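A.B. asks: Have a look at the structure that comes next, please.
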Amino acid sequence: MGLEIFAVLLAALSVALVLGGFVVSFALKERERDDLAAAWRAYASARAMRFTEPAGEWPHRTMPEVDGGDGRPGFALSTSRAGGALRTRVCVRTRETVLAHLVASTDARDAADVGVPARRDVGADGSGFAAAYAVAATPEVFAERALSADVRRALVAFRTSGYVKLEHDRGEVSVVWDGAETNAARLDEATRLAEMIADTIVAAHFGRAA
């Protein structure tokens, strides 16, 4: 009987610990969501953009989002999850659509999504780009056109540490990096980087800015 009681108590304790851990994890995620929403609300207001509040109920509550509204069409700021961690994504659209796909990522596994082998020879000029980023593009020549010397330097400067991925697909340029970004200067830097790449792509193909 004593062993049975001990087993029941042990099972109850295990359940309590699991539930406690779940509650703590949920509280931390909600705090992260609230902090991000407050920062992005202020960011959108200061730049005359449109802010979308988190909506829904747990466990399907959404994350905050920002879009350019009427004054800046094609701009979007959002998040995604990689495992349990958040990543920030800035996206812009080019005025002209180039039917090409490009990925430059600090994680070579991302390049596999393009369907061609990853390259480490783009920008092997001492800038540090080739060492930091794996590149894949279809057509392959698109990599050299999109990743100009200025773009490569900007990507190297943007990567302070951790994960960074640049992607272009059919006129949409995105920059993704680790963390739920609340720093307005960092968000502006990512936006300028995405716009620089969009301008470079369109200028290379159509002879004018994006």
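FYI, it's all coordinate maths here, none of it is from the lab. Predicted, not measured: the structure shown is a model, and the values here were computed from it. Here Cβ is always computed from backbone atoms with ideal geometry, including for glycine, and neighbour counts include all displayed protein chains.
A.B. asks: What ³J(HN,Hα) values, in whole Hz, does the Karplus curve 6.51 cos²θ - 1.76 cosθ + 1.60 give for segment 61-70 when θ = phi - 60°, with x put for Gly and Pro?
C.D. replies: Listing the rounded values in order: 6, 7, 8, x, 9, 10, 10, x, x, 6 Hz.
A.B. asks: Can you report the principal axis dimensions of segment 94-210 using only the alpha carbons, biggest first, rounded to whole angstrom?
C.D. replies: Its Cα atoms span 34, 29, 26 Å along the three principal axes.
A.B. asks: Among the trypsin sites (Lys or Arg not before Pro) within segment 30-138, which fall in a DSSP loop and have no more than 14 other Cβ atoms within 10 Å of their own Cβ?
C.D. replies: R61, R95
A.B. asks: How fast does segment 145-206 diffuse by Stokes-Einstein, in µm²/s, taking the Kirkwood radius from C-alpha pairs at 4 °C and 1.567 mPa s?
C.D. replies: Approximately 107 µm²/s, per Stokes-Einstein.
A.B. asks: Of the options A204, L166, L193, report the single residue whose Cα projects farthest towards the positive end of the charge dipole of segment 159-210 (beta-carbon charges: Lys, Arg +1; Asp, Glu -1).
C.D. replies: Result: A204, furthest along the dipole toward the positive end.
A.B. asks: Using the Karplus curve 6.51 cos²θ - 1.76 cosθ + 1.60 with θ = phi - 60°, work out ³J(HN,Hα) for each residue of segment 172-182 in order, rounded to whole Hz, and write x for Gly and Pro.
C.D. replies: Karplus values, whole Hz, x for Gly and Pro: 10, 10, 10, 10, 10, 8, 5, x, 8, 6, 10.
A.B. asks: Here is a further query. For the pair D188/S127, report the inter-label distance in nm, with labels modelled 7 Å from Cα in the Cβ direction.
C.D. replies: 2.3 nm
A.B. asks: Still on this structure: Provide the FRET efficiency to the nearest 0.05 for the S45-E172 pair, computing r from the beta carbons and using R0 = 41 Å.
C.D. replies: 0.95
A.B. asks: Just how large is the dipole of segment 88-201 about the Cα centre, in debye to the nearest 20, putting +1 at every Lys and Arg Cβ and -1 at every Asp and Glu Cβ?
C.D. replies: So the dipole magnitude of segment 88-201 works out to roughly 60 debye.
A.B. asks: Over every pair of different alpha-carbon atoms in segment 29-163, take the mean of 1/r and invert it; report that Kirkwood radius in Å.
C.D. replies: Kirkwood hydrodynamic radius for segment 29-163: 17.1 Å.
A.B. asks: Could you order the peptides 180-191, 146-157 from most to least packed, using the average number of other C-beta atoms within 10 Å per residue?
C.D. replies: 146-157, 180-191
A.B. asks: What are the ³J(HN,Hα) couplings of segment 82-97, residue after residue, when phi is run through the Karplus curve with 6.51, -1.76, 1.60 and θ = phi - 60°? Round to Hz, x for glycine and proline.
C.D. replies: These are the phi-based 3J(HN,Hα) values: 10, x, x, 9, 8, 10, 9, 10, 10, 10, 10, 10, 7, 6, 10, 9 Hz.
A.B. asks: Compute the separation of the alpha-carbon centres of segment 89-111 and segment 40-66 and state it in Å as a whole number.
C.D. replies: 24 Å
A.B. asks: For segment 112-151, take the convex hull of the Cα atoms, compute a quarter of its surface area, and give me that in nm², please.
C.D. replies: 2.7 nm²
A.B. asks: So if I place +1 on the C-beta of Lys and Arg and -1 on the C-beta of Asp and Glu, and nothing else carries charge, what would the dipole magnitude of segment 30-151 be about its Cα centre? I want it in debye, nearest 20.
C.D. replies: I would put it at about 160 debye.
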